[in-house]
1. Which one is surrounded by the fewest Cβ atoms within 10 Å (Cβ to Cβ), of the residues in region 117-128 that are of a type in the set (A, V, I, L, M) and part of a loop (DSSP other than H, G, I, E, B)?
2. Can you confirm whether region 47-62 contains a residue that is loosely packed, with under 12 Cβ neighbours inside 10 Å, part of a strand (DSSP E or B) and at pLDDT 85 or above?
3. Looking at the structure I just gave you, is P131 modelled with pLDDT under 95 and either crowded, with 17+ Cβ neighbours inside 10 Å or not assigned by TED's automatic domain parsing to the domain that holds F101 (or both)?
4. Going by what's in this entry, would K149 be described as in a strand (DSSP E or B), within 26 Å of the chain's Cα centre (by Cα) and charged (D, E, K, R)?
5. Could we say that L158 is in the same structural domain as V78 (by TED's automatic domain parsing), in contact with a strand residue (DSSP E or B) (Cβ under 8 Å, 6 or more places away or on another chain), surrounded by 14 or more Cβ atoms within 10 Å (Cβ to Cβ) and in a loop (DSSP other than H, G, I, E, B) here?
6. Could you please tell me which pairs satisfy a Cβ distance under 8 Å, a separation of 6+ or placement on different chains, a first residue in region 32-56 that is more than 30 Å from T92 (Cβ to Cβ), and a second residue that is surrounded by 10 or more Cβ atoms within 10 Å (Cβ to Cβ) and modelled with pLDDT under 65?
7. If I go through region 107-116 residue by residue, how many of them are over 14 Å from Q134 (Cα atoms) and more than 15 Å from the chain's Cα centre (by Cα)?
Amino acid sequence: MKIGFNNNSLILALHFKISRMKNIILMFCVCLGMAATYPGNDLTYKKVESREFAHVLNGFTVFGETFTDKISVRVLSVYDETGINGVCDKSTSLYVAVSNFEDCPGQSVFKIQGLAAPKFIRWYKDDAKRPMFQIEYGPYNKRKTAFVKSTLQGLVILDKTSF
């Protein structure tokens, strides 16, 4: 007894393999076409012309940050480019970024300029809507203390004698 394939079964098997390969190639081409036309693949850029923004992003350090159940506050420290009153002295600006946690969050940024050697002391979070931070600044022999309350609408800066 002889076991083997006849011509019809061989042709049928070959047709099945070719048909399967066509389906694989077709699926590959469809996927490749979809990937090529997906809008996320078109990367574009534009130059941001704000010199101050570029200076902040290139030179900031995180000075302090806190989160309450109502808002988040992040304070960034950046050396000023010109110093205090145009004199080439090392002064620092603090950028205070405030954001709430709404569906469409409100966000604000405020700038405190011309601080000499600021030092972050601590956060006070007694009021969840207006967290406050304490800083020291000024020359080593004339240090001052300030308390800064942060809201989306603005900052309230208090000195030590305001308490």
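1. Residues of region 117-128 that are of a type in the set (A, V, I, L, M), as a first pass: 117, 121, 128.
So of that shortlist, the ones also part of a loop (DSSP other than H, G, I, E, B) come out as 117, 128.
Details: A117: 13, A128: 11.
By that ranking, first place goes to A128.
2. So far as region 47-62 goes, yes, one or more of its residues are loosely packed, with under 12 Cβ neighbours inside 10 Å, part of a strand (DSSP E or B) and at pLDDT 85 or above.
3. Numbers: modelled with pLDDT under 95: yes; either crowded, with 17+ Cβ neighbours inside 10 Å or not assigned by TED's automatic domain parsing to the domain that holds F101 (or both): yes.
It is true that P131 is modelled with pLDDT under 95 and either crowded, with 17+ Cβ neighbours inside 10 Å or not assigned by TED's automatic domain parsing to the domain that holds F101 (or both).
4. Values: in a strand (DSSP E or B): yes; within 26 Å of the chain's Cα centre (by Cα): yes; charged (D, E, K, R): yes.
Taking the combined requirement at face value, the residue satisfies it.
5. Working: in the same structural domain as V78 (by TED's automatic domain parsing): yes; in contact with a strand residue (DSSP E or B) (Cβ under 8 Å, 6 or more places away or on another chain): yes; surrounded by 14 or more Cβ atoms within 10 Å (Cβ to Cβ): yes; in a loop (DSSP other than H, G, I, E, B): no.
When the stated conditions are applied, L158 does not pass them.
6. Qualifying pairs under 8 Å: N41/A35.
7. The initial filter retains those residues of region 107-116 that are over 14 Å from Q134 (Cα atoms), namely 107-111, 113-114, 116.
With more than 15 Å from the chain's Cα centre (by Cα) added as a condition, the list becomes 110-111, 113-114, 116.
Residues that pass the stated criteria total 5.
The values are calculated or read from the model by the stated rules, or taken from the named source; none is laboratory data. Keep in mind that what you see is a predicted model, and the values were worked out from it rather than measured. In this analysis, Cβ positions are derived from the backbone assuming ideal geometry, glycine residues included, and neighbour counts consider all displayed protein chains.
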